[in-house]
Amino acid sequence: MVAALFTGSLVAILVTVGIVLSLVFETFRFLQIVPLTEFLFNPQWSPQTAIRTDQVGASGVFGAIPLITGTLLISAIALAVAAPIGLFSAIYLAEYANSKTRAVVKPTLELLAGIPTVVYGFFAVLIIAPLLRDGGAWAGLSVSSESALAAGLVMGIMTIPFVSSTADDALIAVPLSLKEGALALGSTRSEAIRQIIIPAALPGITGGLLLAASRAIGETMIVVMAAGLAANLTLNPLEAVTTVTVQIVTLLTGDQEFDSAKTLAAFALGLLLFIVTLILNVIAQHIVKKYREQYD
Amino acid sequence: MDCMTMTPTKPLSELPLAALQFAQQKPFVLQSTEREADMTTDSVSSRSPAPVEVTSVGRIRMQTSDLNVHYGDTQALHDISLEIPENQVTALIGPSGCGKSTYLRCLNRMNDVIDSCRVEGSVKLDDADIYGPEVDVVELRARIGMVFQKPNPFPKSIYDNVAYGPRIHGLADSREELDSIVMESLEQARLFDEVKDRLQAPGTSLSGGQQQRLCIARAIAVKPEIILMDEPCSALDPIATSGIEALIDDLKDAYTIVMVTHSMQQAARVSQRTAYFHMGQLVETGSTDKVFSDPRDPRTRDYISGRIG
Amino acid sequence: MTDRLSTKLAARLRKRHRGEKLFRLGGLGAILLAVSFLATLLVSIGVSGYTAFQQTTILLQINLPVDPVNAGYPGLVKKSLREAFPSVSSRRNKKELYRLVSSGAAWEIRNYLTDHPDQAGKTVTVTVTASDDVDMLINGKVSRLDPPQVRRLSDQQVAWIDQIRASGNLKIGFNTNFFFNGDSREPELAGIAAAMAGSFFSLIICLGLAFPLGIMAAIYLEEFASKTRLTSLIEVNINNLAAVPSIVFGLLGLAIFLNFFELPRSAPLVGGMVLALMTLPTIIITGRASLKAVPPSIREAALAIGASKVQSVFHHVLPLALPGVLTGTIIGMARAVGETAPLLMIGMVAFIVDVPKSILEPATALPVQVFLWADAPERAFEERTAATIIVLLVFLMAMNLIAVILRRKFEVRW
């Protein structure tokens, strides 16, 4: 009986082993075709293999730099939206709102995280991208119809609850005595929050931001629909950029032979993504855990 | 005031038998009665039916009248009328849950933090109602400092803890002035010698007694007129406690102090005035000597003798 | 307090209170902003999608053939239209006229005859679906004031539509195509039935795998596991798995289920398996939390009357923890229903016309249908995309509602 139960938890291990094995194995095959240095340092990404093998550029160029910068650019925009909105929402909910408001607003914000990401992607295409294009035209800027800004903004909206929930938990965990100590000295509430409560809650808040970042980096549907396919190496948010996840999807959808460098590249990108998000998660969990112990 | 006849201030021989038996069960009360009868010069006048002392009360700094406090549907305080005299230590005693902390928190409006709390009646600081519409809570709390039950140093350095209040209120114009405020406050709190070499160490690295003195230094750095202390020694060991008690005794010359304590010995040691709270009511108030030696109310007597509490 | 100090204090106070007000407004503003994002999202999708739940139809007088097999059904539709507008003569105009009804009209007439064999040879009124351009004009997605290339209807066509409408032969009704058809190149014929079936099959697989495995793992880790290196490794593992990007699970499915085990591509079986692996950590984590919430006294009481450890868990602890476990499972399922990226990896992104009838047939899923249609060039797909999202969100809301009710109803406070 207990052995049967144990197999259940063994599956969890098997999944991880499966992920690591499949990613590592295919990446290994990829690196036999494309050298690691090209993958990590070449600033050009053009996986379009030619039809005839004797054509120029027959093998494609697999430099992940434009994908990484694109991913980071969009994630940065997302965090620039989610961090202030999420943090200020959490502050208001934890420190100002009465319990009734809190009971209504908190789940409402969490709805944002429950909406499927494909819906956000459609929202970006339907509303945000045209809005930005028209707004850009009005301001005399040319905004690409698939801009990093549109994808980043919408991804930011999606990530708000990841920031606000963890920040709220962290703020609430700060002992009341610290807040009262500051208020008793004649602090205004905002002074107590800014100078005492937030510094005390900072580890928890940082953990939340890291989780949000990891979420943004691994997000797929929003960028597939709202960001582009063009691997531009740019930091201009008005231009189209592509991301690691977008390229994984493009390389693997449609019918392809499985052994080409193109399809294998998707697994190398997947491994990169897995490692980066894993590191972010481990750090975030470590920080949050340490922080909880501090006030327990 | 009928109960006054029960109070054994008369020579034992004159007491009715029942009262005598009652008194004998309570040696503590008897002892202290004798002591007061020996020591106080006006012991004759204290036999009058309404023993309201006028002798030792100085200028009244704070005054509450008919104070009622509700938490949601439950009433925590009933019609409390109490005066806080200047440059004295007023101790609030009573069994736990009696409302003494709630009362203390009314004096600097700390109860405002709690949503469900409703305060009625008047609390005056020198003739001005602190719950009045024009009163700025921030300014009020700068004038009335508070020290809490558990030492609560901020997660900052010792220096920054003390400098926090002066900084937010802008009390120092220069770095030197701020330095001197911090030094003075630490000295006044009798902490300076222990921490002068490590002012940048975190406040939380100090021992419990030191932390509490840091909190006192932090409170007096704002130069308040009144300091409220909510069981300031309850989380400390006896040695640290006696240090804090001595400090409180020092501070009363410069500040008016209101202190909640659950320890009657502490109230007797450091306070000049005592108010006894019981189930949200102010049962008795008077000079500490008087309340401890000659309580008017049987509930006070029961508490002091250890029968309840 | 000296006067010098109180003047200093007062001078700063106004500024400090202004700072306080601004800070508070900042917090309120952030919440309003976040809530208004949510509202904008829901309202824009609602506004854009509600029209897809109704469909414009046109009543045609059709002279039904006697022989249902060799009848030229498209010809019948054209003939009926020509008879309705006898003045139309030029080839170009006729073409425009034919374009008012959907290309599915012929198929609809055929279906009518199959359902009513007794009507063969008679002239009857048959309801056929109008083309997407007509439908968009009628439901207001395009305006008659738009230039012809935008509304994709010529002035002549608009005039005909008005004529049909005036004669009472134009109806607006519930869009059965949308709910009962599979995908189609023609927006007015496209439906989500295939996608719903795909989602349903995947979810069944997902639930069937993730629920028992998750609950077993939760029970083992919470009730039986001793603190060994292995169990702590499993714990760390589960926490990290919960945060692995969903597309990585798709890669796993592609490499292991499709390429290694050679399971069929695009099948709900594989989709469900991938979703199950994704949902497993959620179920284990919430399951453990609700097992942990059962007080030890219950276990001790069971053990004290002679129950074995296994009996105490299965007879006493698990029933008490079950509402919590179910709530977690439903929340995990709700996430799985909306998941798209891993399904793209295993090929559940396809043009599926026929509603799949088993877990091995090629299928797609509701969110994937959203992805597919969002990319379609015809404008009429936009409202159908939004309508699909509405259906998806209604499902999600229903699932979450069940979770909330379950929690309210069975929640035990210890």
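Checked across region C:242-253, the condition of being open to solvent by 20 Å² or more (accessible area, probe 1.4 Å), under 12 Å from C:ARG288 (Cα atoms) and either assigned to a helix (DSSP H, G or I) or more than 8 Å from chain A (Cβ to nearest Cβ) (or both) holds for no residue.
So that you can scan it fast, the table gives a plain yes or no per residue for (1) at pLDDT 90 or above; (2) touching a Ser or Thr at 6+ places or on another chain (Cβ under 7 Å); (3) assigned to a loop (DSSP other than H, G, I, E, B):
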position: A:GLU239; (1), (2), (3): no, yes, yes
position: A:ASP259; (1), (2), (3): no, no, yes
position: A:LYS262; (1), (2), (3): no, yes, no
position: A:LEU272; (1), (2), (3): yes, no, no
position: A:ILE275; (1), (2), (3): yes, no, no
position: A:ILE279; (1), (2), (3): yes, no, no
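Please verify whether A:GLY60 is away from chain C (no Cβ under 13 Å), more than 26 Å from C:LEU401 (Cβ to Cβ) and not aliphatic (A, V, I, L, M), treating the condition exactly as stated.
Values: away from chain C (no Cβ under 13 Å): yes; more than 26 Å from C:LEU401 (Cβ to Cβ): yes; not aliphatic (A, V, I, L, M): yes.
So A:GLY60 passes the test.
Here is a check on your reading of the model: is C:GLY49 closer than 30 Å to C:LEU100 by Cβ, of a type in the set (Gly, Ala, Ser) and within 14 Å of chain A (Cβ to nearest Cβ)? Yes; evaluated as a whole, the condition is true for this residue.
Given the criteria in contact with a strand residue (DSSP E or B) (Cβ under 7 Å, 6 or more places away or on another chain), modelled with pLDDT under 90 and either open to solvent by 30 Å² or more (accessible area, probe 1.4 Å) or within 14 Å of chain A (Cβ to nearest Cβ) (or both), does B:MET264 qualify? For B:MET264, the condition - in contact with a strand residue (DSSP E or B) (Cβ under 7 Å, 6 or more places away or on another chain), modelled with pLDDT under 90 and either open to solvent by 30 Å² or more (accessible area, probe 1.4 Å) or within 14 Å of chain A (Cβ to nearest Cβ) (or both) - is met.
So which of A:ILE283, A:ILE248 is within 13 Å of chain C (Cβ to nearest Cβ), assigned to a helix (DSSP H, G or I) and free of Cβ contacts under 8 Å to residues at least 40 places away in the same chain? Among A:ILE283, A:ILE248, only A:ILE248 is within 13 Å of chain C (Cβ to nearest Cβ), assigned to a helix (DSSP H, G or I) and free of Cβ contacts under 8 Å to residues at least 40 places away in the same chain. Check region C:382-396 and report whether any residue there is open to solvent by 10 Å² or more (accessible area, probe 1.4 Å) and basic (Lys, Arg). For region C:382-396, residues open to solvent by 10 Å² or more (accessible area, probe 1.4 Å) and basic (Lys, Arg): absent. Answer yes or no as to whether A:LEU126 is over 18 Å from A:GLU219 (Cα atoms) and open to solvent by less than 10 Å² (accessible area, probe 1.4 Å). When the stated conditions are applied, A:LEU126 does not pass them.
Taken as a whole, the condition of being under 18 Å from the mean Cα position of the chain (by Cα), more than 8 Å from chain A (Cβ to nearest Cβ), β-branched (Val, Ile, Thr) and assigned to a loop (DSSP other than H, G, I, E, B) does not apply to C:THR388. Only one of these conditions is not met by B:SER122: (1) at pLDDT 90 or above; (2) farther than 19 Å from B:LEU228 by Cα. Which number is it? Condition not satisfied by B:SER122: (2).
Output the residues belonging to region A:8-47 that are among the β-branched types (Val, Ile, Thr) and surrounded by 18 or more Cβ atoms within 10 Å (Cβ to Cβ).
Within region A:8-47, A:VAL11, A:VAL15, A:THR16, A:ILE19, A:THR27, A:VAL34 meet the criteria.
Is it the case that some residue within region C:18-30 is out of contact with any Lys or Arg (no Cβ under 7 Å at 6 or more places or on another chain) and over 30 Å from A:LEU109 (Cα atoms)? No, that holds for no residue. In region A:177-230, the residue that is farthest from the other protein chains (Cβ to nearest Cβ) out of those that are small (Gly, Ala, Ser), surrounded by fewer than 22 Cβ atoms within 10 Å (Cβ to Cβ) and more than 30 Å from B:CYS106 (Cβ to Cβ) is A:ALA230. The condition of being assigned to a helix (DSSP H, G or I), at pLDDT 95 or above, at the interface with chain C (Cβ under 9 Å from one of its Cβ atoms) and open to solvent by less than 10 Å² (accessible area, probe 1.4 Å) holds for A:ILE91.
If the condition is being under 24 Å from C:ALA380 (Cβ atoms), touching a strand residue (DSSP E or B) at 6+ places or on another chain (Cβ under 8 Å) and aliphatic (A, V, I, L, M), then region C:50-83 contributes C:ILE58, C:LEU59, C:LEU60, C:VAL77, C:LEU81. Here C:GLY19 passes the criteria (1) within 30 Å of A:VAL119 (Cα to Cα); (2) at the interface with chain A (Cβ under 10 Å from one of its Cβ atoms) except the one numbered (1).
Can you find even one residue in region C:355-376 that is closer than 23 Å to A:MET221 by Cβ and surrounded by fewer than 17 Cβ atoms within 10 Å (Cβ to Cβ)? Yes, the conditions are met somewhere in region C:355-376.
Listed here are the residues, each with its yes/no results for (1) under 22 Å from B:THR300 (Cβ atoms); (2) aromatic (Phe, Trp, Tyr); (3) open to solvent by less than 50 Å² (accessible area, probe 1.4 Å).
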residue: B:LEU236; (1), (2), (3): no, no, yes
residue: B:LEU247; (1), (2), (3): no, no, yes
residue: B:LEU251; (1), (2), (3): no, no, yes
residue: B:ALA254; (1), (2), (3): no, no, no
residue: B:VAL260; (1), (2), (3): yes, no, yes
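Restricting attention to region C:356-385, which residues are of a type in the set (A, V, I, L, M) and at pLDDT 90 or above?
C:ILE359, C:LEU360, C:ALA363, C:ALA365, C:LEU366, C:VAL368, C:VAL370, C:LEU372, C:ALA374, C:ALA380
Of the residues in region C:367-384, not one is part of a helix (DSSP H, G or I), polar (S, T, N, Q) and within 9 Å of chain A (Cβ to nearest Cβ). Taking the conditions exactly as written (charged (D, E, K, R), under 20 Å from B:MET259 (Cα atoms) and buried (at least 24 other Cβ atoms within 10 Å of the Cβ)), does B:ARG213 satisfy them or not? Considered against the rule, which asks whether it is charged (D, E, K, R), under 20 Å from B:MET259 (Cα atoms) and buried (at least 24 other Cβ atoms within 10 Å of the Cβ), B:ARG213 comes out as yes.
Scanning region B:122-142 for residues that are facing chain A (nearest Cβ under 8 Å) and either part of a loop (DSSP other than H, G, I, E, B) or among the charged types (D, E, K, R) (or both) yields B:GLU139, B:ARG141. Can you confirm whether B:ALA246 is at pLDDT 90 or above and in contact with a Phe, Trp or Tyr (Cβ under 9 Å, 6 or more places away or on another chain)? No; evaluated as a whole, the condition is false for this residue.
From the list A:ALA226, A:ALA240, the lone residue that is over 20 Å from A:VAL288 (Cα atoms), in contact (Cβ under 8 Å) with a residue 24 or more places away in the chain, in contact with an Asp or Glu (Cβ under 6 Å, 6 or more places away or on another chain) and not aromatic (Phe, Trp, Tyr) is A:ALA240. Against the numbered list (1) within 12 Å of another protein chain (Cβ to nearest Cβ); (2) open to solvent by less than 40 Å² (accessible area, probe 1.4 Å); (3) in a helix (DSSP H, G or I); (4) among the aliphatic types (A, V, I, L, M), C:ILE331 comes up short only at (2). Tally up the residues in region B:125-140 that are among the acidic types (Asp, Glu) and either over 18 Å from B:ILE60 (Cβ atoms) or open to solvent by less than 30 Å² (accessible area, probe 1.4 Å) (or both), please. The qualifying residues number 3. Scanning region B:143-163 for residues that are in a helix (DSSP H, G or I) and open to solvent by 10 Å² or more (accessible area, probe 1.4 Å) turns up B:ARG143, B:ASP160. The residues listed here are A:LEU111, A:LEU5, A:LEU67, A:LEU79; of these, the one that is within 8 Å of another protein chain (Cβ to nearest Cβ), part of a helix (DSSP H, G or I) and open to solvent by less than 50 Å² (accessible area, probe 1.4 Å) is A:LEU5.
The values are calculated or read from the model by the stated rules, or taken from the named source; none is laboratory data. Remember, predicted model here, so these are calculated numbers, not experimental data. Glycine also receives a Cβ, built like all others from the backbone with ideal geometry; neighbour counts cover every protein chain displayed. Accessible surface is based on the protein model in full, side chains and every heavy atom, while ligands, DNA and RNA are left aside. Shrake-Rupley method; radii C 1.70, N 1.55, O 1.52, S 1.80 Å.
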